[in-house]
Amino acid sequence: MKKYFFTLLSAVFLINLNAQTSYTINSGNFYYTPQILTINVGDTVHWVNDGGLHNVNFDINTMTGISYNNPESFSSTSTNDVDMYSHVFTIAGTYEYDCSVGSHAANGMTGTVIVNNNSSSVFNIVSTNRSICKIYDLFGKEVTSQTDGVLIFRYIDGSIEKKILFK
């Protein structure tokens, strides 16, 4: 039974390895963090409002009045809500954006999302020096130490990684 469960779990993991990833960008008093984010086509970015009235504007540069000429243009409505906006990036390219509320952009509330074509596979996963923010088990429960099994690592840069660990 253990072998069957492990085989099934491994298959699910490998199928989902190329699945889209979700990233979080925090927004607050004249900042987006991270200010520059690199993702793959099909990934989702969620903007979280840490406080204040903000939006994400991928259309017209608030400071110059000129189009960003992003691969696609969009803009969210200004909000005080914690869940500001989410977007699934389907076109590769470099996207510049700002907060068009008041003088937020002029005070540094600007960002960049770089969207790469999907090219990851089981055989070309590259390890990076990212800082772990939180670790969750398969059921979404936060764990304090690295235990055996399927774990989901959330990094400070907003990326998420699934791993199977056996000691």
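Since every read-out is calculated from the coordinates, none of them should be taken as a lab result. A quick note: this is a predicted structure, and the numbers were derived from the prediction, not measured. Ideal geometry is used to build each Cβ from the backbone, glycine not excepted, and the neighbour counts take in all protein chains shown.
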| By count of other Cβ within 10 Å, fewest leading, how are L151, L138 ordered? | L138, L151
| Pairs of Cα atoms farther than 19 Å apart, the stretch 22-116, % | 31
| What FRET efficiency would be calculated for the residue pair T64, F153, taking the C-beta separation as r and a Förster radius of 45 Å, to the nearest 0.05? | 0.70
